[in-house]
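Worksheet: one structure, shown below.
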Amino acid sequence: MDQETLTRIAEALERMAPAPQATPDFSAASGFVWHVEPDRLEPVPEINRVELDLLVGIDRSRDTLLENTRRFAAGHAANNALLWGARGMGKSSLVKAIHGALVTDHPELKLVELQREDLPSVARLLNHLRGAPCRFILFCDDLSFSHDDQHYKSLKAVLDGGIEGRPENVVFYATSNRRHLMPRDMIENERSSAINPSEAVEEKVSLSDRFGLWLGFHPCNQDAYLAMIEGYCAAYGVTVDPERLRAEAIEWQATRGARSGRVAWQFFTDLAGREGVSLR
């Protein structure tokens with residue numbers, strides 16, 4: 001093959017190759033969402049979150065994660081954190097609220113959301129973040145794995161970091177309804193059917209052990225549920241007779257068959273709408 005043909009092939013390949021991604025402008029926002037195909041960090045002008053003081057009934061988890069994040073924002077050592085437990089009890093809200101509470105004093109602290117299905121691209125994401133003049137909370141909401149899911153292997157790049165190590169300016173926070181990131185019945189099934197039961201699930205189950213912080217969230221009682229609603233009313237200026245508020249709130253949770261921070265917020269949203277109060 002002559003030199004001219006080789007040159008044409010090389011030029012054609014260059015045209016087919018995607019252009020290198022520009023270095024993200026991290027001053028554009030305090031929050032970003034990672035997308036693939038093509039890889040990019042899209043700024044979020046306004047992060048959807050509630051004030052930290054409005055998160056009721058999770059004091060211990062709140063204080064622990066806040067202190068861990070404060071140390072990280074100040075440039076000190078901090079742990080990756082797994083927030084696990086009951087649905088609707090403020091796991092993801094806590095991560096966003098803590099970032100909001102600290103970002104005024106630490107504008108270099110950025111929140112980057114990564115979708116579970118994009119975990120295979122996490123190494124490329126870390127290359128964007130490594131060495132940047134900011135500190136990043138890498139956040140993955142509703143993290144869990146099924147029987148044949150291989151995404152968990154990509155997560156080790158964040159938790160263990162391979163030979164490069166996790167970037168010093170990145171900490172990883174994940175939420176999950178499952179303490180071990182996979183269903184209990186799946187753990188038992190694999191143990192009972194495997195040739196070596198102890199090894200069958202060790203790799204997946206031990207993944208949660210790589211988080212330095214485990215913060216548990218549990219269903220709230222009625223007093224905490226009502227306190228959440230009262231806090232929302234005070235924060236947004238909704239004035240309702242206490243007896244009416246209590247009766248309607250209890251009826252609302254009875255129709256949902258559960259009490260949680262999410263149910264409390266849904267009731268309050270309905271109440272605010274009926275009272276003509278805007279939540280913006």
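For A86, the test of being open to solvent by 50 Å² or more (accessible area, probe 1.4 Å) and hydrophobic (A, V, I, L, M, F, W, C) is failed. Applying the set (1) hydrophobic (A, V, I, L, M, F, W, C); (2) in contact with a helix residue (DSSP H, G or I) (Cβ under 7 Å, 6 or more places away or on another chain); (3) open to solvent by 10 Å² or more (accessible area, probe 1.4 Å) to V103 leaves exactly one unmet item: (2). If the condition is being surrounded by 15 or more Cβ atoms within 10 Å (Cβ to Cβ) and either assigned to a loop (DSSP other than H, G, I, E, B) or of a type in the set (D, E) (or both), then segment 213-228 contributes P219, C220.
Of all the residues that make up segment 18-61, how many are modelled with pLDDT under 90, farther than 30 Å from A264 by Cα and surrounded by 18 or more Cβ atoms within 10 Å (Cβ to Cβ)? Residues meeting the conditions: 1. Reported count of residues in segment 112-133, each being β-branched (V, I, T) and under 13 Å from the mean Cα position of the chain (by Cα), is 1. Filtering segment 41-60 to residues that are touching a strand residue (DSSP E or B) at 6+ places or on another chain (Cβ under 7 Å) and under 15 Å from Y225 (Cβ atoms) leaves only I58.
Among the residues of segment 229-280, those that are exposed (fewer than 12 other Cβ atoms within 10 Å of the Cβ) and either assigned to a loop (DSSP other than H, G, I, E, B) or of a type in the set (D, E) (or both) comprise G237, T239, D241, E243, E251, G257, G276, S278, R280. When segment 62-83 is filtered for residues that are open to solvent by less than 60 Å² (accessible area, probe 1.4 Å) and small (G, A, S), the ones remaining, listed by number, are A73, A74, G75, A78, A81.
The values are calculated or read from the model by the stated rules, or taken from the named source; none is laboratory data. Everything numeric here is computed off the predicted structure, so don't read it as measured data. Please note: Cβ atoms are built from the backbone with ideal geometry, for glycine as well, and neighbour counts cover all protein chains shown. Please note that ligands, DNA and RNA were not included when accessible areas were found on the heavy atoms of the full protein model with its side chains. Shrake-Rupley method; radii C 1.70, N 1.55, O 1.52, S 1.80 Å.
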